[in-house]
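In what follows, a structure is listed as structure tokens, so that the remarks can point back to it.
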Amino acid sequence: MTDMPLVDLEAQARVVSRLVAGVADSELAGPTPCPEYAVADLLDHIRGLAMAFRDAARKDLGPTTDTAPAPAGPSLPAAWREDLPLLLGELAEAWKDPSAWTGTTRAGGVDLPGEIAGAVAVDELLIHGWDLARATGQEYVPDEAALRAAHAFLLAAAQEERGEGGIFAPVVPVPDDAPLLDRAVGLSGRDPGWTSPKSS
């Protein structure tokens, strides 16, 4: 995976921040398209990835970049409504620096070229934004540049081994003429038709 496009994450970070603001306390225990995550777990995962990829962009390597994502559990802090938008803004700002996309950095305990780490950050915001929107019944209109970049990244990743032990679930087949978002979601190993049981 080379020649990943440099993407301004600010617009997509704002999209995710708006989704965060739309989550009701009563929805925190609800299911998400990620079987192992409730909504609260997903929010905590987004919080963790925002810190990790912010620091990866800054080449500020340490605890946030050296450890894999924590398993689902009751770790969402009480101030998540205030913290998450700030962290998402810091993430986007860090990747505005062209040097973030060069050299080598680390995320999840894995050393990565800067451009690949940036592509993963875009993908995480795009796909987990979809997860959160679907889990809470909110409209999802992602940033178009982020969507195109995430799809390109996922398409390249789809050529690599999937399944147990990999970072992606097996691809869910989606028609070639489906919307680009649906195709990206399918490439991430999710069913684009997933809806929360409460809305079905």
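The values are calculated or read from the model by the stated rules, or taken from the named source; none is laboratory data. Given the structure is predicted, the values throughout are model-derived calculations rather than measurements. Cβ: placed from backbone, ideal geometry, glycine included. Neighbour counts: every protein chain shown.
On the stretch given as region 18-33, residues that are closer than 24 Å to residue 187 by Cα and among the polar types (S, T, N, Q) total 1. Before we move on, is residue 121 within 14 Å of residue 45 (Cβ to Cβ), free of Cβ contacts under 8 Å to residues at least 60 places away in the same chain and touching a Phe, Trp or Tyr at 6+ places or on another chain (Cβ under 8 Å)? Here the answer is no, as residue 121 does not meet what is asked.
For residue 32, indicate whether it is surrounded by 14 or more Cβ atoms within 10 Å (Cβ to Cβ), hydroxyl-bearing (Ser, Thr, Tyr) and farther than 30 Å from residue 103 by Cβ. In short, yes. Restricting attention to region 40-90, the residues that are in contact with a Gly (Cβ under 9 Å, 6 or more places away or on another chain) and among the acidic types (Asp, Glu) add up to 4. Only one entry of 115, 82, 90, 139 meets the criterion of being out of contact with any Cys (no Cβ under 9 Å at 6 or more places or on another chain), within 30 Å of residue 26 (Cβ to Cβ) and in contact (Cβ under 8 Å) with a residue 12 or more places away in the chain, and that entry is 90. Selection within region 15-36: residues that are without any contact (Cβ under 8 Å) to a residue 60 or more places away in the chain and outside any helix (DSSP H, G or I). The member of this set that is nearest to residue 182 (Cα to Cα) is 35. If I filter region 77-88 for residues that are more than 19 Å from residue 135 (Cβ to Cβ), within 15 Å of the chain's Cα centre (by Cα) and surrounded by 17 or more Cβ atoms within 10 Å (Cβ to Cβ), do I get at least one hit? Scanning region 77-88 turns up at least one residue that is more than 19 Å from residue 135 (Cβ to Cβ), within 15 Å of the chain's Cα centre (by Cα) and surrounded by 17 or more Cβ atoms within 10 Å (Cβ to Cβ). Of the residues making up region 108-131, those that are within 27 Å of residue 141 (Cα to Cα), of a type outside the set (Asp, Glu) and out of contact with any strand residue (DSSP E or B) (no Cβ under 6 Å at 6 or more places or on another chain) number 12. Please indicate, with yes or no, whether at least one residue in region 91-102 is surrounded by fewer than 22 Cβ atoms within 10 Å (Cβ to Cβ) and in contact with a Gly (Cβ under 6 Å, 6 or more places away or on another chain). Among the residues of region 91-102, at least one is surrounded by fewer than 22 Cβ atoms within 10 Å (Cβ to Cβ) and in contact with a Gly (Cβ under 6 Å, 6 or more places away or on another chain), which makes the answer yes. Scanning region 103-143 for residues that are surrounded by fewer than 15 Cβ atoms within 10 Å (Cβ to Cβ) and under 15 Å from the mean Cα position of the chain (by Cα) turns up just one, 141. Residue 154 meets each of the listed conditions (1) at pLDDT 95 or above; (2) in contact with a helix residue (DSSP H, G or I) (Cβ under 7 Å, 6 or more places away or on another chain) apart from (1).
Take residue 23 and decide whether it is modelled with pLDDT of 90 or more, farther than 15 Å from residue 92 by Cα, β-branched (Val, Ile, Thr) and surrounded by 14 or more Cβ atoms within 10 Å (Cβ to Cβ).
yes
Say we look at region 166-190 and pick out the residues that are farther than 17 Å from residue 156 by Cβ and within 16 Å of the chain's Cα centre (by Cα); which of these is surrounded by the fewest Cβ atoms within 10 Å (Cβ to Cβ)? Step by step, filter region 166-190, then rank; the result is 182.
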